[in-house]
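As structure tokens, the structure follows; a few thoughts come after it.
Please treat every number below as a calculation from the coordinates, not as lab data. Just so we're clear, the structure is a prediction, and the values are computed from it rather than from any experiment. As a convention, Cβ positions derive from the backbone with ideal geometry for all residues, glycine included, and neighbour counts pool all protein chains shown.
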Amino acid sequence: MLDDFMRRVTYGELKQRIIDVGRHLSVRQLVVIEMGNNIESVVFYLGCLFKGTVAILVHENLSEFELSEYIEKFQPEYLFLLI
């Protein structure tokens with residue numbers, strides 16, 4: 001597997017990244033994830049699944065207004081936003 005910088009990532013490294021993300025989350029916490037076509041989004045999403053965190057996936061091209069509506073409605077504990 002290749003990351004966004006075209007560096008090879010082994011499944012062992014991927015698993016460790018997922019576990020590392022999961023360490024910062026709690027079961028049943030609510031997280032909004034801005035999903036893109038990149039390894040960071042996938043790792044964060046899988047970290048949520050690994051930990052039992054509730055993930056709301058939103059498109060990376062969502063407008064600022066639409067994103068603020070999600071935040072207001074669901075009041076997530078964390079936001080994972082692409083920069």
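Quick look at the values:
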{"quantity": "GNM flexibility winner over the chain from Ile71, Ile33, Ile18 (Cα, springs under 10 Å)", "calculated": "Ile71"}
{"quantity": "Point-to-point label distance, Phe74-Leu14, nm (Cα→Cβ direction, 7 Å offset)", "calculated": "2.4 nm"}
{"quantity": "Most mobile of Gly36, Gly47, Gly22 in a GNM of the chain (Cα contacts under 10 Å)", "calculated": "Gly36"}
{"quantity": "In Å, descending, principal axis extents of the Cα set of the chain", "calculated": "38, 28, 13"}
{"quantity": "Other-chain or far-sequence residues with amide H under 5 Å of Gly36's (modelled H)", "calculated": "Ser41"}
{"quantity": "Net lengthening on full extension, Leu81/Glu40 (0.36 nm per residue, minus Cα-Cα)", "calculated": "13.7 nm"}
{"quantity": "HN-Hα J in Hz across the stretch 42-53 - Karplus 6.51, -1.76, 1.60, θ = phi - 60°, x for Gly and Pro", "calculated": "5, 4, 5, 4, 5, x, 5, 4, 4, 8, x, 7"}
{"quantity": "Loop-located trypsin sites (Lys or Arg not before Pro) in the stretch 6-69 whose Cβ has at most 13 other Cβ within 10 Å (DSSP)", "calculated": "Arg7, Arg23, Arg28"}
{"quantity": "Charge dipole (debye, nearest 20) of the stretch 11-80; +1 at Cβ of Lys and Arg, -1 at Cβ of Asp and Glu", "calculated": "480 debye"}
